[in-house]
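Below is one structure, written out as structure tokens; comments come after it.
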Amino acid sequence: MLSNSSKYALKAVLYLAVHSSVENKILAKDITKPINVPRAYIAKILQELSRHQIVSSTRGPKGGFYLNEENRKTRLIDIISLIDGDNRLTSCVLSLHKCDYENPCPMHHLVDDTKASFVEKLRQTSVEDLILDIKLGKSFLPI
């Protein structure tokens, strides 16, 4: 359901949430290896996230990307919507343009409730929530 670009964006944001701060900014090139994303690609994603205040950045010799307290409150749905657009999570799994509740594709009823539940959880969950789960040992981040 998520594009590779959204997965990369989420990994980058989580990496920054764990490893960066206002005092400890991270360059795009230093994120590529830990999250396994090509340098030019992650730089483009980080610039887009920065333009929309999902991550913070500073230029110059001590510049780089980081997450501030406000960035950590970003909902996961906002990251995915920015990268993939609003339709990715609600579109037909078979990519049929006319699929909806009144005109369902053969797979519609199999995934509709699951997709709706997933989207709702993305709306409710912030970056901060995921980081708390990592700190509490409820999940891990192998980067």
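The values are calculated or read from the model by the stated rules, or taken from the named source; none is laboratory data. These figures come from a predicted structure and were not determined experimentally. A quick note on method: Cβ atoms are made from the backbone with ideal geometry, for glycine too, and the neighbour counts reach across all protein chains shown.
Structure data summary
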| read-out | value |
| --- | --- |
| Sole residue being part of a loop (DSSP other than H, G, I, E, B), among the small types (Gly, Ala, Ser) and closer than 20 Å to residue 2 by Cα, chosen from 21, 117, 95 | 95 |
| Condition check for residue 60: in contact with a helix residue (DSSP H, G or I) (Cβ under 9 Å, 6 or more places away or on another chain) and small (Gly, Ala, Ser) | no |
| Test set (1) within 21 Å of residue 6 (Cα to Cα); (2) touching a Ser or Thr at 6+ places or on another chain (Cβ under 9 Å) - residue 35 fails condition number | (2) |
| Residue within segment 30-45 that is in contact with a strand residue (DSSP E or B) (Cβ under 7 Å, 6 or more places away or on another chain), β-branched (Val, Ile, Thr) and modelled with pLDDT of 95 or more present | no |
| Sole residue being of a type in the set (Gly, Ala, Ser) and surrounded by 11 or more Cβ atoms within 10 Å (Cβ to Cβ), chosen from 95, 81, 117 | 81 |
| Odd one out for residue 42, checked against (1) out of contact with any Phe, Trp or Tyr (no Cβ under 9 Å at 6 or more places or on another chain); (2) closer than 21 Å to residue 21 by Cα | (1) |
| Whichever residue in segment 19-32 is free of Cβ contacts under 8 Å to residues at least 24 places away in the same chain and within 18 Å of the chain's Cα centre (by Cα) and, among such residues, is farthest from residue 131 (Cα to Cα) | 32 |
| Unmet criterion (only one of (1) surrounded by 13 or more Cβ atoms within 10 Å (Cβ to Cβ); (2) under 30 Å from residue 16 (Cα atoms); (3) among the acidic types (Asp, Glu)) for residue 100 | (2) |
| Test result for residue 15, outside any strand (DSSP E or B), of a type in the set (Ser, Thr, Tyr), in contact (Cβ under 8 Å) with a residue 40 or more places away in the chain and surrounded by 17 or more Cβ atoms within 10 Å (Cβ to Cβ) | yes |
| Out of 50, 81, sole residue that is farther than 22 Å from residue 132 by Cβ, touching a strand residue (DSSP E or B) at 6+ places or on another chain (Cβ under 7 Å) and either of a type in the set (S, T, N, Q) or part of a loop (DSSP other than H, G, I, E, B) (or both) | 50 |
| Single residue of 74, 58, 125 found to be touching a residue at least 60 places away in the same chain (Cβ under 8 Å) and polar (S, T, N, Q) | 74 |
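Rundown of residues vs (1) part of a loop (DSSP other than H, G, I, E, B); (2) more than 17 Å from residue 12 (Cα to Cα); (3) touching a residue at least 60 places away in the same chain (Cβ under 8 Å); (4) in contact with a Ser or Thr (Cβ under 6 Å, 6 or more places away or on another chain), yes/no style:
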{"residue": "109", "(1), (2), (3), (4)": "no, yes, no, no"}
{"residue": "129", "(1), (2), (3), (4)": "no, no, no, no"}
{"residue": "134", "(1), (2), (3), (4)": "no, no, yes, no"}
{"residue": "142", "(1), (2), (3), (4)": "yes, no, no, no"}
